[in-house]
Amino acid sequence: MDKLPPLPKFIADCHLGRVAKYLRILGYDTLYFPHIEDNDLIKIANEEGRIILTRDRELSERKHANAFLLKPTETQSQLKTILEHFHLSKKIEGRSRCIVCNTPLEQVDKEEVIDQLPEGVKKHFEFFERCPGCGRIYWHGDHYRNMVSFLKEIE
């Protein structure tokens, strides 16, 4: 049986924070730093085998920079371009990453996190994920549903 090729790993430049967040929700390993010099971005990308996502033409043309230039300016169009170019799925298939630190999320029992949940969440939700990296807890509330709707609008 043929083995699937590994998923690409990305590093988004400082202008693509929203794109990085949505790629993480979809489960794609995407580093993002709000402030980083181009040379550092290139160094990390090369050391870790990452593709630089950028809107900066000069950065995309630099020698030794494995960069993908995004021409669209709107987040949904940028995501669509990335997903199509790299043949990636836009389905959230239980492989999401922390939108803060990029660590893969782990499903956790409600009892393990109940003391950390707001009262309304305790009453209305049963499925939880936790980031083993930063400890952030996730559930499928309004924010999650809005993000899923945003992703569904990508055609």
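The values are calculated or read from the model by the stated rules, or taken from the named source; none is laboratory data. These numbers were taken from a predicted model, which means no experiment stands behind them. Using ideal geometry, Cβ is built from the backbone for each residue, glycine included, and neighbour counts are taken over all protein chains shown.
Across the stretch 136-155, the number of residues qualifying as within 17 Å of the chain's Cα centre (by Cα), within 17 Å of Cys98 (Cα to Cα) and either assigned to a loop (DSSP other than H, G, I, E, B) or in contact (Cβ under 8 Å) with a residue 24 or more places away in the chain (or both) comes to 8.
Every residue in the stretch 87-111 that is out of contact with any strand residue (DSSP E or B) (no Cβ under 8 Å at 6 or more places or on another chain) and over 17 Å from Tyr144 (Cβ atoms), please. His87, Leu88, Ser89, Cys101, Glu111 - these are the residues of the stretch 87-111 that are out of contact with any strand residue (DSSP E or B) (no Cβ under 8 Å at 6 or more places or on another chain) and over 17 Å from Tyr144 (Cβ atoms). Starting from the stretch 73-88, keep only residues that are within 16 Å of Pro6 (Cα to Cα), then list their pairs with residues that are of a type in the set (D, E, K, R) and surrounded by 12 or more Cβ atoms within 10 Å (Cβ to Cβ) whose Cβ atoms are within a distance under 9 Å, requiring at least 6 positions of separation or different chains. What qualifies is Leu83/Lys90. The residue that is nearest to the chain's Cα centre (by Cα), among those in the stretch 102-135 that are in a loop (DSSP other than H, G, I, E, B) and without any contact (Cβ under 8 Å) to a residue 12 or more places away in the chain, is Gly135. Taken together, the criteria exclude Ile44 from residues that are modelled with pLDDT of 95 or more and either surrounded by 17 or more Cβ atoms within 10 Å (Cβ to Cβ) or over 23 Å from Ile11 (Cβ atoms) (or both). Surrounded by 13 or more Cβ atoms within 10 Å (Cβ to Cβ) and either aliphatic (A, V, I, L, M) or part of a loop (DSSP other than H, G, I, E, B) (or both): is that true of Tyr22 in this structure? No.
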